[in-house]
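Have a look at the structure below before the remarks.
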Amino acid sequence: TSMSLPSTHCRHCLRLRGGYVSTHEVDGCNAPEHSKAGIGASLSISSTNEVIFSHLVEGCAAYRSGQITEGDVLLAVDRWRLPSCHDVPNKDDYLQTIAHRITGCVGSPVELEIRHLTEARRQNGTGEPGTTNKTVTLLREMVLSGE
């Protein structure tokens, strides 16, 4: 299960649908759903039931920041702590809810708390020390529909 977050350079952007947490409730953005902006990343749920950055779109906010790498774990969005994946019955709905919290008005900031894996841990995949938690603030970018 994977969820892409929209970006200015991604031609396969996320189409937001009703029934989930509204970005209007999250960030006060009054933009139409089709003009929501994102950071240019895909999220998925790892084998350890953590939400990870599975892909960063080259040239987009998440990639350009140099502070997020593929495999990093997402812990919070704008100080909203992600609930445990173990408590979520539908993983796709869960990722959609997170995507709604990350997307918002063009140019507005989004604060992400992540657990960054060091290269040594990323390569050997063990639970040994080699992680740091940090907060990254990115500006959301215009979404292209790709149509």
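The values are calculated or read from the model by the stated rules, or taken from the named source; none is laboratory data. Computed from a predicted structure; not experimentally measured. So basically every Cβ, Gly included, is an ideal-geometry build from the backbone, and we count neighbours across all protein chains shown. Surface areas here come from the heavy atoms of the whole protein model, side chains and all, with no ligands, DNA or RNA. Shrake-Rupley method; radii C 1.70, N 1.55, O 1.52, S 1.80 Å.
Miscellaneous remarks
- Flag if VAL77 is buried (at least 20 other Cβ atoms within 10 Å of the Cβ) and at pLDDT 95 or above: yes
- Residues in region 54-87 that are part of a strand (DSSP E or B) and among the hydroxyl-bearing types (Ser, Thr, Tyr): SER54 only.
- Enumeration of residues in region 123-140 that are under 13 Å from VAL73 (Cβ atoms) and modelled with pLDDT of 55 or more: GLY130, THR131, THR132, ASN133, LYS134, VAL136
Okay, residues lined up against (1) open to solvent by less than 40 Å² (accessible area, probe 1.4 Å); (2) part of a loop (DSSP other than H, G, I, E, B); (3) modelled with pLDDT of 90 or more:
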site	(1), (2), (3)
HIS9	no, yes, no
TYR20	no, yes, no
HIS24	no, no, no
SER44	yes, no, yes
SER47	no, yes, no
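- Of the candidates CYS105, CYS60, the single residue that is within 22 Å of GLU141 (Cβ to Cβ) and open to solvent by 30 Å² or more (accessible area, probe 1.4 Å) is CYS105.
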